[in-house]
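Everything on this sheet refers to the single structure shown next.
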């Protein structure tokens, strides 16, 4: 994939791009975008993947005024305008799924098909119970057990990483906190806007996802007119990492339908 | 030289620390017995009154969801102290303004305490330690930015007297700011800020506020004070930084004999030893720069922090400059040593009660310090002394 820096609303944004086929906007989750991941190679076999690092993630800048997923949504609408892309398929993972849903409510006619992978972004359950567990109030080991089906796959070898890699991981985590802290992992307004989404929508959930429950995804899907849910076995919150082939198959079945 | 009796009003009656994950944030409050807590407050307030009688001023602070400091609303305790004391200065260090949603409310609380105490308030402000983030549901990112905006708004609220002004900032919005009462002291109560980093201290120096630093030891304190003096000078405040701009907080126990002092010091050490906090509360994302977290991920800082707390010894913390303990002569010598090493400071913030140090033990140390150490410090280090190394050499 190529990597370049573009400027959106005055913010330097790191943009990865590559592959052949119809364009597909990929919106990463809390861990940022890593082009070396196997699923990226699978997606670029059939699609022209466009994957920005959100502000404050990867090498993208973060201005002081920006503090919400809603803010980021407008940047990517600006990006579509800039590229003169009238309509595009979008896949978003975790907080990237939230972001994709925000974009789709703001400009329903710009989205061809919408795939939300373990998305957060809405509050469905009771006041006295978090819909999404508070991963910042538990050890990172415990959080990893919620995130991964096979915790071995999620184990990052910090000792053998460079300072730059570790700093990027820490910064991604910081920006995740900034964007999701309060209200926790959701925008209270979003659920009242989801009915505007016109695109056929697929929710993809890893069967072992300990952050985004099956009931949450079902409830989320009911708020979008043309949505359904599919589950990937032996995967947690990031099925694209744990089951890349199955993820690509499920995704293309939907996008090419 | 001023000395301040600082008590964190801790609740020490806890199960063994192997039975809980954290003394902060998540420790269930069923462990807190309100009757025992009320009795503790009776004696803590009495200890502050003893300090006043002995010519020692009064300091308290605020923490949330923790047994280490059961004072989640320090302005309330300060208001009580304003009415049961007559002469002591009352230092709150501090208001955790990065976690307070309404800076104008903080300005009101402080102005009210200043009036209730007839102008004895010393108003301290802190960003808030990392463990306060969860308790306040406060976004851990941009706390420094919120702190700076809130402090500016508070001082403006204190010093604006001609009807409402408006504030439309990055973090706070207020269209009709016009606080009643206004502060008793003019233009406003002295402002203190606690910082443990050189970059923070340089900013405080440029603003000329009182800089306090906690348990930073010989080298850390020296770095912080040097940065303060640099900031002060570069802001055009003059070459001379009076010692009364600088404060240092240490654990202190003064006994008549070495044995008595050692016994007291062991009990005061609870303050450090009892601070069992897991990494996810001690290092919330964004509280420190990503570069610092890179070191934590390598295990460099996290382990240091845990080991420091669990393995602290009286001799270790005395040698590190975190504690002064012994007979009056010994405490004087320990004080003098760190004073000279860091270039001088005008306020000693005495962590003089912790854990199971009982009322009589606490009072004995306050009196021993006030009667046998403080007079020497006041004589040798007047408030108007100049800090920095040339000045310290001249005093000797």
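The values are calculated or read from the model by the stated rules, or taken from the named source; none is laboratory data. Bear in mind the structure is a predicted one, so any value in this text is a computation, not a measurement. Every residue, glycine among them, receives a Cβ derived from its backbone with ideal geometry; neighbour counts consider all protein chains shown.
Looking at segment A:146-164, which of its residues are more than 7 Å from chain B (Cβ to nearest Cβ) and under 30 Å from residue A:232 (Cα atoms)? Selection gives A:146, A:147, A:148, A:149, A:150, A:151, A:152, A:153, A:154, A:155, A:156, A:157. Taken over segment B:58-84, residues that are under 21 Å from residue B:191 (Cα atoms) and either touching a helix residue (DSSP H, G or I) at 6+ places or on another chain (Cβ under 7 Å) or not in a strand (DSSP E or B) (or both) amount to 17. Number of residues in segment A:150-167 that are in contact with a helix residue (DSSP H, G or I) (Cβ under 7 Å, 6 or more places away or on another chain) and surrounded by fewer than 18 Cβ atoms within 10 Å (Cβ to Cβ): the value is 5.
Evaluate segment B:19-38: report whether one residue or more is within 30 Å of residue B:191 (Cβ to Cβ), part of a loop (DSSP other than H, G, I, E, B) and in contact with a strand residue (DSSP E or B) (Cβ under 9 Å, 6 or more places away or on another chain). Yes: one or more hits.
Restricted to segment B:1-18, and to residues there that are out of contact with any strand residue (DSSP E or B) (no Cβ under 6 Å at 6 or more places or on another chain) and under 28 Å from residue B:344 (Cβ atoms), the residue that is farthest from the other protein chains (Cβ to nearest Cβ) is B:1. Here residue A:143 fits the description: facing chain B (nearest Cβ under 9 Å) and free of Cβ contacts under 8 Å to residues at least 12 places away in the same chain.
Within segment A:131-140, identify whether any single residue is modelled with pLDDT under 95, under 22 Å from residue B:140 (Cα atoms), in a helix (DSSP H, G or I) and within 14 Å of chain B (Cβ to nearest Cβ), and answer yes or no. Among the residues of segment A:131-140, at least one is modelled with pLDDT under 95, under 22 Å from residue B:140 (Cα atoms), in a helix (DSSP H, G or I) and within 14 Å of chain B (Cβ to nearest Cβ), which makes the answer yes. Residue count for segment A:176-211 under the criterion of being surrounded by 17 or more Cβ atoms within 10 Å (Cβ to Cβ) and within 14 Å of chain B (Cβ to nearest Cβ): the result is 7. Pull up segment A:61-87, narrow it to residues that are touching a residue at least 40 places away in the same chain (Cβ under 8 Å) and within 16 Å of the chain's Cα centre (by Cα), then point me to the one that is surrounded by the fewest Cβ atoms within 10 Å (Cβ to Cβ). Of everything passing the filter in segment A:61-87, A:68 is surrounded by the fewest Cβ atoms within 10 Å (Cβ to Cβ).
Of all residues assigned to segment B:78-89, none qualifies as being under 25 Å from residue B:115 (Cβ atoms), within 14 Å of chain A (Cβ to nearest Cβ) and surrounded by fewer than 18 Cβ atoms within 10 Å (Cβ to Cβ).
Scoring residue A:39 on the criteria (1) surrounded by 19 or more Cβ atoms within 10 Å (Cβ to Cβ); (2) in contact with a strand residue (DSSP E or B) (Cβ under 6 Å, 6 or more places away or on another chain) leaves a single failure, condition (2). Applying the set (1) within 21 Å of the chain's Cα centre (by Cα); (2) within 11 Å of another protein chain (Cβ to nearest Cβ) to residue B:126 leaves exactly one unmet item: (2). Listed by first and then second residue, the pairs with beta-carbon distance under 7 Å, at least 6 apart or on different chains, first residue in segment B:112-128 and without any contact (Cβ under 8 Å) to a residue 40 or more places away in the chain, second in a loop (DSSP other than H, G, I, E, B) and surrounded by 22 or more Cβ atoms within 10 Å (Cβ to Cβ), are B:120/B:88. Would you call residue A:170 surrounded by 14 or more Cβ atoms within 10 Å (Cβ to Cβ), more than 9 Å from every other protein chain (Cβ to nearest Cβ) and free of Cβ contacts under 8 Å to residues at least 12 places away in the same chain? For residue A:170, the condition - surrounded by 14 or more Cβ atoms within 10 Å (Cβ to Cβ), more than 9 Å from every other protein chain (Cβ to nearest Cβ) and free of Cβ contacts under 8 Å to residues at least 12 places away in the same chain - is not met. Of the residues making up segment B:213-247, those that are surrounded by 19 or more Cβ atoms within 10 Å (Cβ to Cβ), touching a strand residue (DSSP E or B) at 6+ places or on another chain (Cβ under 6 Å) and closer than 17 Å to residue B:385 by Cα are B:225, B:228, B:229, B:232, B:241, B:243, B:245, B:246, B:247. Only residues that are without any contact (Cβ under 8 Å) to a residue 60 or more places away in the chain and buried (at least 24 other Cβ atoms within 10 Å of the Cβ) were counted across segment A:104-140, and they come to 0.
The set of residues in segment B:1-36 being within 21 Å of residue B:78 (Cα to Cα) and buried (at least 16 other Cβ atoms within 10 Å of the Cβ) consists of B:2, B:3, B:4, B:5, B:6, B:7, B:8, B:9, B:10, B:11.
For first residues located in segment A:8-20 and at pLDDT below 95, partners that are surrounded by fewer than 17 Cβ atoms within 10 Å (Cβ to Cβ) and lie 6+ apart or on another chain with Cβ distances below 7 Å form the pairs A:20/A:48. Selection of segment B:267-302 for residues being closer than 22 Å to residue A:179 by Cβ, crowded, with 18+ Cβ neighbours inside 10 Å and within 7 Å of another protein chain (Cβ to nearest Cβ) yields B:280, B:284, B:285, B:286, B:290, B:293, B:294, B:297. Here are the criteria: (1) under 18 Å from residue B:118 (Cα atoms); (2) in a helix (DSSP H, G or I). Tell me which single one residue B:51 does not satisfy. The one condition residue B:51 does not meet is (1). Output the residues belonging to segment B:181-199 that are in contact with a helix residue (DSSP H, G or I) (Cβ under 8 Å, 6 or more places away or on another chain) and free of Cβ contacts under 8 Å to residues at least 24 places away in the same chain. The answer is none; no residue qualifies. Looking at residue B:180, is it away from chain A (no Cβ under 14 Å) and either outside any loop (DSSP other than H, G, I, E, B) or touching a strand residue (DSSP E or B) at 6+ places or on another chain (Cβ under 6 Å) (or both)? No.
For segment B:43-57, a residue qualifies if it is in contact (Cβ under 8 Å) with a residue 40 or more places away in the chain and within 12 Å of residue B:84 (Cα to Cα), and the qualifying residues are B:46, B:47, B:48, B:50. In the set (1) surrounded by fewer than 22 Cβ atoms within 10 Å (Cβ to Cβ); (2) closer than 30 Å to residue B:171 by Cβ; (3) modelled with pLDDT under 95, residue B:104 fails one condition alone, (3). Highlighted here are the strands (runs of 3 or more DSSP E) found entirely within segment B:121-177 that include at least 1 residues which are in contact with a helix residue (DSSP H, G or I) (Cβ under 7 Å, 6 or more places away or on another chain) and crowded, with 23+ Cβ neighbours inside 10 Å: B:121-126.
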